[in-house]
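Asks: Here it is: the structure, laid out below.
The values are calculated or read from the model by the stated rules, or taken from the named source; none is laboratory data. Only a predicted model underlies this, so the values are computations on that prediction, with no experimental measurement involved. Reconstructed Cβ throughout: ideal geometry from the backbone, glycine too, with neighbour counts over all protein chains shown.
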Amino acid sequence: MKQSANGSRVIKAPRGTTLQTKGWVQEAALRMLMNNLDPEVAEHPDELIVYGGIGKAARNWESFNRIVETLQQLEENETLLVQSGKPVAVFRTHSDAPRVLLANSNLVPAWATWEKFHELDRKGLIMYGQMTAGSWIYIGSQGIVQGTYETFAECARQHFGGSLRGTITLTAGLGGMGGAQPLAVTMNDGVCIAIEVDPTRIQKRIETKYCDLMVDTIDEAIRLASDAKHAGKALSIGLLGNAAELLPEMIRRGFIPDIVTDQTSAHDPLNGYLPAGMSLEEGKAMRQSDPPQFVALAKASIAVHVRAMLNMQQSGAIAFDYGNNIREVALHEGVANAFDFPGFVPAYIRPQFCEGRGPFRWAALSGDPHDIYKLDEALLREFAHNEPLCKWISLAQERIAFQGLPARICWLGYGDRAKFGKIINDMVASGELSAPIVIGRDHLDAGSVASPNRETEAMKDGSDAIADWPILNALVNTASGASWVSVHHGGGVGMGYSLHAGMVVVADGTPEAAARLERVLTTDPGMGVVRHVDAGYELAAETAEKHGIHVPMMKR
Ligand code: NAD
């Protein structure tokens, strides 16, 4: 453990094949917890904050230390329980059971508000786990970039003839997830203006090659963007400023983008959205001194922001909500037509979920990028028929800088996940890869989340708010032998608006791992297919039929 310049601890996952623990599964949990807090990966590692507002990897430093010590001692037939980032028990289970079970930020529904959460957080009783922060499978902005790329690609197909060339996308928020937007737009050959209040966030995206340049005036941003648009060039511009001030100002100047969206952390008005007219320092001070007043100002600015997005939509821009619950906050602030623009899942992503596809990912525990490149080659060989996938891998190799442990994101669906899991395990067993591989996914996936303003918005049968599905997902993945399983509340959209589950499974090259991988990588995407069969999606029914998934009530 090193010290940073400001005296705080610098966490980095161990690399190589020397174990700090009693087995590779425990080692994977330890390394992925530490990787979440690597300064290359996390947004504010000194506060244990990984991404998404205050999404944390452990409750506090004492809990972090105790989790590390417990993982180091954990036997291969024991399971560690983690309650909102604090290790609370170790039980003897069995070798095929998960080594860690986590529950983060869960509140009884009638108490599930930010006010209650913050009260309990101040008492040190709870932690916000977001999605992959508290479940130790965040891999930096790369984790979202393919999803963001797919979203903009589908938007381009639906509205712009298949490419974003010659279009300008306006967005805000260059944090852990939002930082993927400029790269995803330029990968689709478009121009992106991304407004961000914190210059260090823009700088980080420039350093990691997600964003091309930073400007601090609207005029310069509009001039550069318009020139690139007319020249048909891809360009991404980080514009320093506040979205609630700059969007209305753009409208006043007659500037209407082709696409408008947003990824500030509007889901958490206290920690994720800076009100108009306030400096970062003033915001930091007021969050401490007068939280209710800060929240009131943030919500009022969010309303201004959404009104401007609606205005741009009425003037011809394609507008969509990018999963931060900004419409709901605005609706409560009196913007009656806040839901006039759709969420990104019903607009662009749902057909993928019907086939069990979603943000699948893997990380090389060795720390050696060559392990990831060898897996890229295996993918290109084994899935050569899948043109978009092959295009994605080539683009990712060319454009994406690794953050922390080398990792890859790749949207694979039912059937392909289990197939690739076996390939990975075989490559670990044969020594082709230098160490085991950890395989996981975002909670934003086909069958692991109930979130009526996001992943389950506008379900065909109206089942948006039914949260049995993520619970079944966690239970079946536990029964199948995932390496760690988590159940969270409030990820993406904030308290009261979502329940979701995560899973990670380790390929250590053993026959036991092969069996676990086969089971988990079938049940997990299988839940996505059956959830959408149940809601009445024809594509999901076709997928279930094609793969012989047993759905007792399916009518064919
Ligand atoms: P983050 O907290 O790391 O970043 C948010 C950024 O917004 C920060 O850099 C902050 O400085 C900036 N910001 C705050 N107020 C602003 C304002 N008024 N004007 C301009 N910039 C402002 O969060 P993140 O991990 O990037 O996630 C962003 C949002 O997207 C969250 O609500 C998250 O839940 C959601 N999300 C979406 C997806 C998706 O696929 N669409 C996935 C995960 C998360």
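Asks: From the list 175, 162, 166, exactly one residue is part of a loop (DSSP other than H, G, I, E, B), closer than 30 Å to residue 277 by Cβ and in the same structural domain as residue 219 (by TED's automatic domain parsing). Which is it? Before the answer, list the steps.
Replies: On the way: 162 fails: closer than 30 Å to residue 277 by Cβ; 166 fails: closer than 30 Å to residue 277 by Cβ.
The unique qualifying residue is 175.
Asks: Also: What is the number of the single condition among (1) farther than 27 Å from residue 46 by Cβ; (2) surrounded by fewer than 16 Cβ atoms within 10 Å (Cβ to Cβ); (3) not charged (D, E, K, R) that residue 98 does not meet?
Replies: Tallying (1) farther than 27 Å from residue 46 by Cβ; (2) surrounded by fewer than 16 Cβ atoms within 10 Å (Cβ to Cβ); (3) not charged (D, E, K, R), residue 98 fails exactly one: (2).
Asks: Next question. Looking at the structure I just gave you, is residue 120 within 16 Å of the ligand (Cβ to nearest atom) and either under 30 Å from residue 34 (Cβ atoms) or surrounded by fewer than 24 Cβ atoms within 10 Å (Cβ to Cβ) (or both)? Step through it out loud before you land on a result.
Replies: Numbers: within 16 Å of the ligand (Cβ to nearest atom): no; either under 30 Å from residue 34 (Cβ atoms) or surrounded by fewer than 24 Cβ atoms within 10 Å (Cβ to Cβ) (or both): yes.
No, not satisfied.
Asks: Would you be able to say whether some residue in segment 145-157 is buried (at least 22 other Cβ atoms within 10 Å of the Cβ), among the aliphatic types (A, V, I, L, M), touching a residue at least 60 places away in the same chain (Cβ under 8 Å) and touching a Phe, Trp or Tyr at 6+ places or on another chain (Cβ under 7 Å)?
Replies: There is no residue in segment 145-157 that is buried (at least 22 other Cβ atoms within 10 Å of the Cβ), among the aliphatic types (A, V, I, L, M), touching a residue at least 60 places away in the same chain (Cβ under 8 Å) and touching a Phe, Trp or Tyr at 6+ places or on another chain (Cβ under 7 Å).
Asks: Same structure, new question: I'm trying to understand the selection: among the residues of segment 39-60, which are assigned to a loop (DSSP other than H, G, I, E, B), charged (D, E, K, R) and farther than 20 Å from residue 442 by Cα? Steps first, please.
Replies: The first filter runs over segment 39-60 and keeps only residues assigned to a loop (DSSP other than H, G, I, E, B), leaving 39-43, 48, 52-54, 57-60.
Retained after the next criterion (residues that are charged (D, E, K, R)): 40, 43, 59.
59 - this is the single residue of segment 39-60 that is assigned to a loop (DSSP other than H, G, I, E, B), charged (D, E, K, R) and farther than 20 Å from residue 442 by Cα.
Asks: Scan segment 349-368 residue by residue and report those that are touching a Phe, Trp or Tyr at 6+ places or on another chain (Cβ under 9 Å) and more than 20 Å from residue 505 (Cα to Cα).
Replies: 350, 351, 352, 353, 354, 355, listed by residue number.
Asks: For segment 229-246, give me each residue that is in a helix (DSSP H, G or I) and over 15 Å from residue 196 (Cα atoms). Break it down into steps so the answer makes sense when it comes.
Replies: Filtering segment 229-246 down to residues in a helix (DSSP H, G or I) leaves 229-231, 243-246.
Listed by number, the residues that qualify are 229, 230, 231.
Asks: When you scan segment 296-329, how many residues do you find that are touching a residue at least 12 places away in the same chain (Cβ under 8 Å), among the hydrophobic types (A, V, I, L, M, F, W, C) and away from the ligand (no atom under 13 Å from the Cβ)?
Replies: Of segment 296-329, the ones touching a residue at least 12 places away in the same chain (Cβ under 8 Å) are 297-313, 315-329.
Adding the requirement that they be among the hydrophobic types (A, V, I, L, M, F, W, C) leaves 297-298, 300, 302-304, 306, 308-310, 312, 317-320, 326, 329.
Checking the rest, the ones that are also away from the ligand (no atom under 13 Å from the Cβ) come to 310, 312, 317-319.
Residues meeting the conditions: 5.
Asks: Let me ask something else. If a residue has to be crowded, with 20+ Cβ neighbours inside 10 Å and within 12 Å of the ligand (Cβ to nearest atom) to count, how many in segment 42-55 make the cut? Working first, answer last.
Replies: Within segment 42-55, the subset crowded, with 20+ Cβ neighbours inside 10 Å is 42-43, 45, 48-55.
Within this subset, residues satisfying the condition of being within 12 Å of the ligand (Cβ to nearest atom) are 42-43, 49-55.
Residues meeting the conditions: 9.
Asks: Under 26 Å from residue 85 (Cα atoms) and crowded, with 24+ Cβ neighbours inside 10 Å: does that describe residue 500? Lay out the reasoning, then the answer.
Replies: Values: under 26 Å from residue 85 (Cα atoms): yes; crowded, with 24+ Cβ neighbours inside 10 Å: yes.
It is true that residue 500 is under 26 Å from residue 85 (Cα atoms) and crowded, with 24+ Cβ neighbours inside 10 Å.
Asks: Further question on the same structure: I'd like to check something: does segment 351-363 contain any residue that is without any contact (Cβ under 8 Å) to a residue 60 or more places away in the chain and surrounded by fewer than 24 Cβ atoms within 10 Å (Cβ to Cβ)? Can you show your working first?
Replies: Initially, segment 351-363 is screened for residues without any contact (Cβ under 8 Å) to a residue 60 or more places away in the chain, giving none.
No, because not a single residue in segment 351-363 is without any contact (Cβ under 8 Å) to a residue 60 or more places away in the chain and surrounded by fewer than 24 Cβ atoms within 10 Å (Cβ to Cβ).
Asks: Related question: Could you tell me whether residue 30 is within 23 Å of the chain's Cα centre (by Cα) and part of a helix (DSSP H, G or I)? Break it down into steps so the answer makes sense when it comes.
Replies: Numbers: within 23 Å of the chain's Cα centre (by Cα): yes; part of a helix (DSSP H, G or I): yes.
Taking the combined requirement at face value, the residue satisfies it.
Asks: Ok, one more. Please enumerate the residues belonging to segment 419-437 that are under 24 Å from residue 395 (Cα atoms) and either hydroxyl-bearing (Ser, Thr, Tyr) or in a helix (DSSP H, G or I) (or both).
Replies: Within segment 419-437, 419, 420, 421, 423, 424, 427 meet the criteria.
Asks: Test of understanding: among 406, 436, which residue is over 16 Å from the mean Cα position of the chain (by Cα), more than 30 Å from residue 327 (Cα to Cα) and surrounded by 24 or more Cβ atoms within 10 Å (Cβ to Cβ)?
Replies: Result of the check over 406, 436: 436.
Asks: Those residues that are in contact (Cβ under 8 Å) with a residue 60 or more places away in the chain, over 22 Å from the mean Cα position of the chain (by Cα) and either within 13 Å of the ligand (Cβ to nearest atom) or not in a loop (DSSP other than H, G, I, E, B) (or both), I need them from segment 247-282; list them, please.
Replies: Taking segment 247-282 as the starting set, the residues that turn out to be in contact (Cβ under 8 Å) with a residue 60 or more places away in the chain are 247-248, 250-251, 256-272, 274, 280.
Retained after the next criterion (residues that are over 22 Å from the mean Cα position of the chain (by Cα)): 247-248, 250-251, 256-258, 280.
The answer is 247, 248, 250, 251, 280.
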